[in-house]
Amino acid sequence: MEREALSALVPTERIDRAILVIRDRKVMLDADLARLYGVTTKRLNEQVKRNRDRFPEDFMFRLTAEEKAEVVADCDHLQRLKFSPSSPYAFTEHGALMLASVLNSRVAIQTSIQIVRVFIRLREALTSNRHLARKLEALEKKYDAQFKEVFDAIRKLMEPPPGIAKRRIGFRPFPLEHKS
């Protein structure tokens, strides 16, 4: 029952859309986290400033102007950031968790649990894809020689039998008569 209430609180798809890859790290922006946690972005950033020592560089970083422009261009739901004078903060999974502890509200705690579950699901999918890629690579190495033989045999079957001249397929256009 608790899990159903949590899913009703924040749809998983909404969290999925909010996760971006910036600097080769999966992150969520302060505006998205504020919306998910039910606070304003200003309130969220105030709490971060008050608790700055809880947010080392691997938990949170500020976007550069170029990164901000790219995010605004790529994400329709972040268009309002285009006119913001400051660059947003990007929070890693651990930073998003830390936010729940500094915001210290029931909604923030429940939402952070759901966010962590989404990050875990993404990590499991990535691990599964790596595993499948390794298996495919091993199969390719194992069967490469056999497939080469098959392809060579198919090519030989496609060649015309020796001694038969290739005939041209199609039609020959008739010369045009000129009327003078």
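Values for this structure:
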{"quantity": "GluC sites (Glu not before Pro) lying in DSSP loop within region 33-83, provided at most 14 other Cβ fall within 10 Å", "calculated": "57"}
{"quantity": "Restraint check, 42/82; 26/135; 42/68, Cα-Cα greater than 21 Å", "calculated": "26/135"}
{"quantity": "Charge sum, other residues only, whose C-beta stays under 9 Å from residue 92's C-beta, Lys/Arg counted +1 and Asp/Glu -1", "calculated": "0"}
{"quantity": "Whole-Å distance, taken between Cα centres, linking region 73-124 and region 18-34", "calculated": "6 Å"}
{"quantity": "Zone residues, region 83-118, relative to residue 46, backbone N less than 11 Å from point 7 Å out along Cα-to-Cβ", "calculated": "none"}
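Every number in this text was worked out from the coordinates using simple rules, so none of it is lab data. Everything numeric in this text was worked out from a predicted model, so none of it was measured. As a convention, Cβ positions derive from the backbone with ideal geometry for all residues, glycine included, and neighbour counts pool all protein chains shown.
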